[in-house]
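I have placed the structure first, in the form of structure tokens, so that the comments after it can refer back to it.
The values are calculated or read from the model by the stated rules, or taken from the named source; none is laboratory data. Here the structure is a predicted model, which is why all the values come from computation and not from measurement. Please note: Cβ atoms are built from the backbone with ideal geometry, for glycine as well, and neighbour counts cover all protein chains shown. Areas reflect the complete protein model, heavy atoms only, side chains present, ligands, DNA and RNA absent. Shrake-Rupley method; radii C 1.70, N 1.55, O 1.52, S 1.80 Å.
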Amino acid sequence: MRIGIVAPSTPILPDDAEAVRALASLGYPDVELVFDPQCFATHGHFAGEDGHRFAALVEMANRSDIDAVWFARGGYGACRIAEDAVAAMTDGARGKAFLGYSDQGNLLGALYREGFDHVAHGPMVADIRREGGDAAALRALDWLVARDPGACEPGLQHGARHAAFNLMTLSMLLGTPLEPDLSGHVLLVEEVSEYLYAFDRAFFHVATYLGPRGLAGLRLGRVSDIRENDRPFGMEAEDIAHGWCARAGIPWLGRADIGHDANNKVVPFGLHRAG
């Protein structure tokens, strides 16, 4: 099996690639990780110019010798290329798995919108830098290689449709050509490095936009590294999420084991079948 790795947003370091390659050689010696050189390119904030990132993503997705596409890192930039990149992917790309989270939610949403069947929110290559990053990288490989249910978020409901996003990323893509149809889905969201007032603002948009579209429910992942405001906001993240769900008529289904950390579990988009 060959897993292709690209960076549609921001770059990784060669040391990241070597660490993940060494880990994979022990756990999955028959799997080859193919890092596009674009992963290490820099152009201002981005892993190369828009055209460079677009070309690397489309080429990797369409290559007949690549079985899955693993996103290297989040940050920002995927929304600038996602719509055109997915449109340029061939039928051969549709059978491949795509895995990432954070800013790559833009691509996950666009892929799912266009009917790609193996799209999942889960760890990326850059997570190797985190404390416990080896476990995160191996969890990603467990899903990419074997679709191991043990890598998945444990609260996924058999027979239900699911999707997972970073809250701010989801809020920004709703109403754009990247927005997938989430009616009838259980939505899982997580957030990092935001003020609680910004979290509340994003939840207002997501809940009031998606509530009338028939979400089956919402679960909140971890909300970490909350920025300190000049005064207390007065509510915690769970209170905010629960409150907006109540106002929008979205069933509140509790917490979820996803987040910007090494414990982030995999959430495949679409219908979940246990076992």
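Annotations
- Shape annotation for segment 160-272: C-alpha extents along the principal axes are 42, 31, 27 Å, from largest to smallest.
- The GNM of the chain, with springs linking C-alpha atoms under 10 angstrom apart, assigns the highest mean-square fluctuation among N62, N264, N106 to N62.
- Averaging the Cα positions of each part gives two centres, and for segment 130-148 and segment 213-275 these lie 22 Å apart.
- Over the chain, the alpha carbon radius of gyration divided by the compact-protein estimate 2.2 N^0.38 Å works out to 0.95.
- Within the chain, helix-based [θ] at 222 nm, where runs of 4 or more DSSP H residues each add -39,500 (n - 2.57), nearest 500: -10000 deg cm²/dmol
- D30 paired with D181, simple spin-label distance in nm, labels 7 Å along Cα-to-beta-carbon: 3.8
- Förster-model FRET efficiency, 45 Å R0, R94 and D239, C-beta, rounded to 0.05: 0.65
- The apolar share of the surface of the chain, taken as the fraction of accessible area on carbon and sulfur atoms (1.4 Å probe, ligands and nucleic acids excluded), comes to 49 percent.
- Extended-chain gain in nm, criterion 0.36 nm per residue less alpha-carbon gap, R231 and E59: 57.0 nm
- Dipole magnitude of the chain about its Cα centre (Cβ charges: Lys, Arg +1; Asp, Glu -1), debye to nearest 20: 640
- The gain in end-to-end length when the E114 to R213 segment is fully stretched comes to 33.8 nm, 0.36 nm per residue minus the alpha carbon separation.
- Global form of segment 120-191, assessed from the alpha-carbon gyration tensor, a/c cut-off 1.5: oblate
- Here the Karplus curve 6.51 cos²θ - 1.76 cosθ + 1.60, taken at θ = phi - 60°, turns the phi angles of segment 17-23 into couplings of 4, 5, 5, 6, 5, 5, 5 Hz, with x standing for Gly and Pro.
- Burial ranking of peptide ranges 139-149, 84-94 (average Cβ count within 10 Å, highest at the top): 139-149, 84-94
- Coordinate range of the alpha-carbon atoms in segment 100-231 per principal axis, descending: 42, 36, 26 Å.
- Built amide H within the under 5 Å cut-off of R255, gap 5+: L220
- Cα gyration tensor shape for segment 2-151, rounded if a/c is under 1.5, else prolate or oblate: oblate
- 0 to 90° range, to nearest 10: angle between helix 50-62 axis and the chain longest Cα axis: 70
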